[in-house]
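For reference, the structure is listed below as structure tokens.
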There are 6 protein chains.
Amino acid sequence: MSTVKLIQDAEADPRVKAVLDDIRATRKSDFINNFWLYLAFDPQLLEETWQGVKSVMAVPSALDPLTKELIYIAVSVTNSCRYCVHSHTAAARAKGMTDEMYADLLRVIATAGRTNQLLNAMQVPVDPVFDLE
Amino acid sequence: MSTVKLIQDAEADPRVKAVLDDIRATRKSDFINNFWLYLAFDPQLLEETWQGVKSVMAVPSALDPLTKELIYIAVSVTNSCRYCVHSHTAAARAKGMTDEMYADLLRVIATAGRTNQLLNAMQVPVDPVFDLE
Amino acid sequence: MSTVKLIQDAEADPRVKAVLDDIRATRKSDFINNFWLYLAFDPQLLEETWQGVKSVMAVPSALDPLTKELIYIAVSVTNSCRYCVHSHTAAARAKGMTDEMYADLLRVIATAGRTNQLLNAMQVPVDPVFDLE
Amino acid sequence: MSTVKLIQDAEADPRVKAVLDDIRATRKSDFINNFWLYLAFDPQLLEETWQGVKSVMAVPSALDPLTKELIYIAVSVTNSCRYCVHSHTAAARAKGMTDEMYADLLRVIATAGRTNQLLNAMQVPVDPVFDLE
Amino acid sequence: MSTVKLIQDAEADPRVKAVLDDIRATRKSDFINNFWLYLAFDPQLLEETWQGVKSVMAVPSALDPLTKELIYIAVSVTNSCRYCVHSHTAAARAKGMTDEMYADLLRVIATAGRTNQLLNAMQVPVDPVFDLE
Amino acid sequence: MSTVKLIQDAEADPRVKAVLDDIRATRKSDFINNFWLYLAFDPQLLEETWQGVKSVMAVPSALDPLTKELIYIAVSVTNSCRYCVHSHTAAARAKGMTDEMYADLLRVIATAGRTNQLLNAMQVPVDPVFDLE
């Protein structure tokens, strides 16, 4: 059940086909997950979103690919985004996340959830030493 | 401005002193940030919280210390916890986070914030292939 | 699966019947969505909630009805309220939201989700010029 | 107090200068708010973020510019992003938001905040009629 | 620094004066906190909001006044609403919350923050026994 | 559908068995809900989490057991944690929450959701009188 209709023949639109082909090529896989198929209802939104995700997640950068997936999961969990949690946990496993690493990730996001509540409650003043300026 | 009073002579309580001493020993530094000083209004809460944070963040585990700080920042940003963002960004820098890594972290948490909104809006069905069972 | 039982014969209670009749009259439709049917477990809560929603969403005001639905969707997406996202997206379509407008809404809420993360991370000082006082 | 240092001579970097010049030209104003000045610590992140915001907020699209600002405020309030709330409320006023419209916006985001809580608590099943598929 | 201007002579408007008088009478105190003074920029919004808060928080009901304040704090902390956290923590203390009760409240909201993260990450299926229907 | 596999023979691990036995003894019931069964994929995480929850929720303290469940629900609703909302609403009912109390809880969390939005939007300055220091 979604708020947009899945377009059956989405690749008939050359802009959609170009994006989906690039996803397949980038990931070296024929499988395309529902997010991109449903986004195809608006080819421009599909293009922009894929370009944004690709440039951050599929291009070598200062952080390694698995670390980036762990961070992505942490945000998605905190935002309670069910689809994102599932897709990025699967992606993290595909990039080498073991059960031990996953348990460690859970420990950190649970601890952060715990202390975030304490600090948002106590409204402790930020130590001046943390100021970069 | 906070919701609890900072206790001036907190270390007169031996339970508080024991925790603060352990923080100093664990971190090899005399500096103790406000979070722990304000938490001292309830020695048991201080003990439990420090034990929890220490066992996750200060003990070797599957994820390295810097990766754990990046994940901590990601959760704290998403929960809009100002104090936590400041303290863990400082901790990440102390553990080696460069400006390039920080910019990369920002890119990932911003991209996750962007696609979390899209998926929470579109309510796309989760692909069966993501199911572990 | 819900946390309250759906009352089968809810309209036997005259307070419930009065609210449901007003919903039908206000919307010029016999259909009543589950939110109101489940709220009927407490007639006073049903009354208060419907009065509050009606006075804001069903009465002419400075913002037009479709703009109000778009804002409602934006909040509901950010709060990850699945039911609210579905019901208000349907309401927005009923009030004239086209696919082009929906894609535009998605673009704005995704961009806001993206920059909210950046600002909550960077903790940039608010420009004095934004102060109204 | 922020987590990045404001670069004093940011426009010495031609990539930074190009973005800031484009902001001035797009907005027909010499004033540049802190967000962009602080983002300049990473010229690529500055470029990407500005391109993303500009393409959504400064280009004619299905929704009018003021409606887009109201939606932006709604997301920023719900994410508790203090800077974003200030900057986009100022932007909305600059684009014509009156006090009456602002009070109406507040009414809608408050009502959404209220019913989001009810639905997230009651976990009411989504009506099949809301399904687009 | 706020997004609305504080009206200096707010009580010159009889609708504003009536609400502020009722706040004073209900609370048996001459002090009126900033929330209501700033809301006075729109008398109708002030009236509606005060009526809503008063009917829930200042009227005897199934839950006692202090319990209601503790719940209010719990929501406000989780939403990262700084003003609300301060005002309702003060209200809870005025209604008898001791330091021991406050520490207990902090323990519960921190534990909930911790397990909420775990469950939002693991997406564990809800046990059928929890279903009321 | 979850992100970890349910271990069929979890109690073959003595650490897991010890925790599940303690849950049964503490609750005086043979039923164990899915959260703990799925957490068993990592015995240490299971132990730590149960110890944390037990020490806060199953031990006499300044707040009574039902009040603690109401606070737990309030946080879980605001974090949009579906599983947590179901399990803690069931726990609250088991500890004596009536329909009248539940409706009252809903009223308070809805009112908090409403005013949190107003304050996060208006950014009203915190009254100095709320400062404990």
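The values are calculated or read from the model by the stated rules, or taken from the named source; none is laboratory data. Not measured: the values here are computed from a predicted model. Cβ placement follows ideal geometry from the backbone for every residue including glycine, while neighbour counts extend to all protein chains displayed.
Numerical summary
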item: Given (1) at pLDDT below 95; (2) closer than 18 Å to residue F:131 by Cα, index of the condition residue E:129 fails; result: (2)
item: Every residue from segment F:8-19 that is out of contact with any Leu (no Cβ under 8 Å at 6 or more places or on another chain) and either at pLDDT 95 or above or within 12 Å of chain A (Cβ to nearest Cβ) (or both); result: F:12, F:13, F:14, F:17, F:18
item: Selected residue (only one of E:20, E:37 is touching a helix residue (DSSP H, G or I) at 6+ places or on another chain (Cβ under 9 Å) and under 26 Å from residue D:80 (Cβ atoms)); result: E:37
item: Selection within segment B:110-123 - hydrophobic (A, V, I, L, M, F, W, C) and crowded, with 24+ Cβ neighbours inside 10 Å; result: B:110, B:112, B:119, B:121
item: Pairs, first over 23 Å from residue C:44 (Cα atoms) in segment F:107-121, second among the aromatic types (Phe, Trp, Tyr), C-beta under 6 Å, six or more apart; result: F:119/E:83
item: Matching option when the condition is crowded, with 24+ Cβ neighbours inside 10 Å, closer than 16 Å to residue C:106 by Cα and within 7 Å of chain C (Cβ to nearest Cβ), among D:70, D:105; result: D:70
item: Residue satisfying all of: in segment F:13-22; touching a residue at least 12 places away in the same chain (Cβ under 8 Å) and over 21 Å from residue B:51 (Cβ atoms); surrounded by the most Cβ atoms within 10 Å (Cβ to Cβ) among these; result: F:16
item: Answer from D:52, D:96 - the residue that is in the same structural domain as residue D:18 (by TED's automatic domain parsing) and modelled with pLDDT of 95 or more; result: D:52
item: Failed criterion for residue A:129 (all others in (1) in a helix (DSSP H, G or I); (2) within 30 Å of residue C:106 (Cα to Cα) hold); result: (2)
